1. Quick one: what pairs do we get from segment 37-52, first residue closer than 19 Å to LYS153 by Cα, second part of a helix (DSSP H, G or I) and of a type in the set (D, E, K, R), C-beta under 9 Å, 6+ apart or different chains?
2. Regarding PHE207, is this residue surrounded by 12 or more Cβ atoms within 10 Å (Cβ to Cβ), more than 28 Å from ASN357 (Cα to Cα), modelled with pLDDT of 80 or more and within 24 Å of the chain's Cα centre (by Cα)?
3. Listed residues LEU304, LEU321, LEU353, LEU346; which is modelled with pLDDT under 80, within 27 Å of ARG224 (Cβ to Cβ) and either surrounded by 13 or more Cβ atoms within 10 Å (Cβ to Cβ) or aromatic (Phe, Trp, Tyr) (or both)?
4. Looking at THR297, THR226, THR275, which is the one that is surrounded by fewer than 12 Cβ atoms within 10 Å (Cβ to Cβ) and either at pLDDT below 80 or of a type in the set (Ser, Thr, Tyr) (or both)?
5. Take THR202 and tell me if it is among the hydroxyl-bearing types (Ser, Thr, Tyr), at negative phi and modelled with pLDDT under 85.
6. Restricting segment 108-137 to residues that are more than 23 Å from LEU42 (Cβ to Cβ) and aliphatic (A, V, I, L, M), which is modelled with the lowest pLDDT?
7. What tally of residues in segment 140-163 results from selecting those that are aromatic (Phe, Trp, Tyr) and under 21 Å from GLU10 (Cα atoms)?
8. Is it the case that ILE168 is of a type in the set (Val, Ile, Thr), surrounded by fewer than 20 Cβ atoms within 10 Å (Cβ to Cβ), touching a helix residue (DSSP H, G or I) at 6+ places or on another chain (Cβ under 8 Å) and at pLDDT 85 or above?
Amino acid sequence: MNTPTEFTPEYDKLITFFNRSVEITEKASSSKEFCDLLLNSLYEIFDFKTSNFWLCDAANSTYFLASHRIKNLVSQYFYTQNPLFADNLMDKYELVRDRNVLTIPDVMSMEDYESSQYFKDYMSVPDPYYYTALMLIKSPYSVIGAIAFLKSKSEGDFTPTDLGNLNIISSFISNLALNHMTVNNLITQNRLFESLSNQSPTGLIIFNTNYPYKIGYMNSAAYRYTAELCPDVRNQNSGDEFLIKHVIDEFGFPEYASSKTVLSPFDKKYIVNITPSQTTDHFASSVYVYIIPMVETAMRKEPLLTNGNNLTKRQIEIIELVVLGKTNEEIASQLFISVNTVKTHLNNIYRELNVSNRFSLYSKLTEN
């Protein structure tokens, strides 16, 4: 690689861009919008007309999130065959660790560039994208993506001022991208957690141990069960009443997992499991309360299942094993039938009871 160009950044524009980026981070609701807004700001403030923002996923596969003012046949191949991408920068972090911006002369002479296959394949169109500046986006230990800026021959090469601006912006955008990806992952994980939790027949309450304690999360099953266990309070307060009556007064804020059996006023039994979080930070610690209905006893009451339904004896046997947490393979082995037969019975059971999966089947039985 050649010696880096002397950088001469424009600090007034950089300050404007940094301020704009704060607004972008707050405004963007998706990764695509985040990248689009950043590219648009780079154009408006620094006049980088054509650009493309890409990141690599967990498998180190590159994907493109946003492009700005790029026309004609620019594609993934256009970039990945570019000499700046040829050595797979994700695997060459040691070579580019101290570099934030790369241009063609950093990896080869312009004569070699013009004799390359890439040049022959992509520079035959009128006024092609002749110049490329690659601004790297890095995590502490790897290259996670880049923004490629393109200029045609008629526009002229990137100036030392352009490269100076990009050199400083690179670290800033790297931090923005990492923060955005982290927040986006947390939001996605939280939505997935809530979705799965609300389908579960197990009630879940998460509350902190600070005084006064505060419930951080309750799933839909927990609302149903606490309303039954504490019928004398309004539904929105049943979670608080349940914790005081059945958890805090007896267990306090436990250091170890423990459990108890609770009987509702309607003679329905629940297993309540209380598990403290494993964090060492006292001020951030939480307690997880799982409320599990004891439906096995109710399952033995055949009229509960057969009344109004056309379930066979075999299907009832399968339901009982599903409630006990048995897998299809375990059910097949215990009943001496094939796994496909179990699946067929389950599909018929779902259709007969108007449910869609194990979770909803379990919930329906629990509600009954």
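The values are calculated or read from the model by the stated rules, or taken from the named source; none is laboratory data. Please read all numbers here as calculations on a predicted model, not as lab measurements. Cβ coordinates were reconstructed from backbone atoms using ideal geometry, including for glycine residues, and neighbour counts include every protein chain displayed.
1. Close Cβ pairs satisfying both conditions: PHE46/LYS13; PHE46/ASP162; ASP47/ASP162; PHE48/ASP162.
2. yes
3. LEU304
4. The unique qualifying residue is THR297.
5. yes
6. Among those that are more than 23 Å from LEU42 (Cβ to Cβ) and aliphatic (A, V, I, L, M), it is VAL125.
7. 2
8. Yes; evaluated as a whole, the condition is true for this residue.
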